[in-house]
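Novice: This is the structure I have questions about; it appears just below.
The values are calculated or read from the model by the stated rules, or taken from the named source; none is laboratory data. Everything numeric here is computed off the predicted structure, so don't read it as measured data. Using ideal geometry, Cβ is built from the backbone for each residue, glycine included, and neighbour counts are taken over all protein chains shown.
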Amino acid sequence: MKLLGLHHVQITIPVGKEEKAREFYCGLLGLEEIPKPENVLSAGGFWVSLNDVQLHIGCYERAISPDSKEHVAFLVDSLKKWMTRFENAGVYPVKGKPIPGIERFDIRDPFGNRLEFLEQKKQI
């Protein structure tokens, strides 16, 4: 018996903010929206996919804590290019504490969800 992989992660956005979330996640991040099963459509939100892992963006009434450590981390090919993309969109990255072999930064989506972006560096 073993775990086979990660299927999905869910984050929350305020009820009624799906279009703003689509602009951010599908537009700015370039994630592909995938169909939700019909039996869960009434819950609101939407699902996106990155390779074999899904990100479920659900609607909820609670506020997101700005100090929360909860986050999704995206592996990227060029941290510098993503940093420039975010800055051009008015989203300002905050560099994280160093981790050997990894460069990284965090941003907050328009709803306060923390997102980490990291690039693995070759060890010499």
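Novice: In the range 86-124, which residue that is surrounded by 15 or more Cβ atoms within 10 Å (Cβ to Cβ) and among the aromatic types (Phe, Trp, Tyr) is farthest from Phe74 (Cα to Cα)?
Specialist: Out of the qualifying residues, it is Phe111.
Novice: Look at Val76 and say whether it is touching a helix residue (DSSP H, G or I) at 6+ places or on another chain (Cβ under 7 Å), within 26 Å of Glu103 (Cβ to Cβ), modelled with pLDDT of 95 or more and assigned by TED's automatic domain parsing to the domain that holds Lys122.
Specialist: For Val76, the condition - touching a helix residue (DSSP H, G or I) at 6+ places or on another chain (Cβ under 7 Å), within 26 Å of Glu103 (Cβ to Cβ), modelled with pLDDT of 95 or more and assigned by TED's automatic domain parsing to the domain that holds Lys122 - is met.
Novice: Got a sec? Which of Gly45, Gly5, Gly16 is of a type outside the set (Lys, Arg), in contact with a Gly (Cβ under 9 Å, 6 or more places away or on another chain) and modelled with pLDDT under 95?
Specialist: Gly16
Novice: For Gly44, which of the numbered conditions (1) out of contact with any strand residue (DSSP E or B) (no Cβ under 6 Å at 6 or more places or on another chain); (2) at positive phi fails to hold?
Specialist: The failed condition is (1).
Novice: Turning to a different aspect of this structure: Determine if the range 50-60 includes at least one residue that is assigned by TED's automatic domain parsing to the domain that holds Lys20, assigned to a loop (DSSP other than H, G, I, E, B) and either in contact (Cβ under 8 Å) with a residue 24 or more places away in the chain or buried (at least 16 other Cβ atoms within 10 Å of the Cβ) (or both).
Specialist: Within the range 50-60, one or more residues are assigned by TED's automatic domain parsing to the domain that holds Lys20, assigned to a loop (DSSP other than H, G, I, E, B) and either in contact (Cβ under 8 Å) with a residue 24 or more places away in the chain or buried (at least 16 other Cβ atoms within 10 Å of the Cβ) (or both).
Novice: Continuing with the same structure: Any chance the range 34-45 includes a residue that's within 17 Å of the chain's Cα centre (by Cα) and surrounded by 15 or more Cβ atoms within 10 Å (Cβ to Cβ)?
Specialist: Looking only at the range 34-45, we keep the residues that are within 17 Å of the chain's Cα centre (by Cα), and these are 34, 45.
From what's left, surrounded by 15 or more Cβ atoms within 10 Å (Cβ to Cβ): 45.
Scanning the range 34-45, I find at least one residue that is within 17 Å of the chain's Cα centre (by Cα) and surrounded by 15 or more Cβ atoms within 10 Å (Cβ to Cβ), so the answer is yes.
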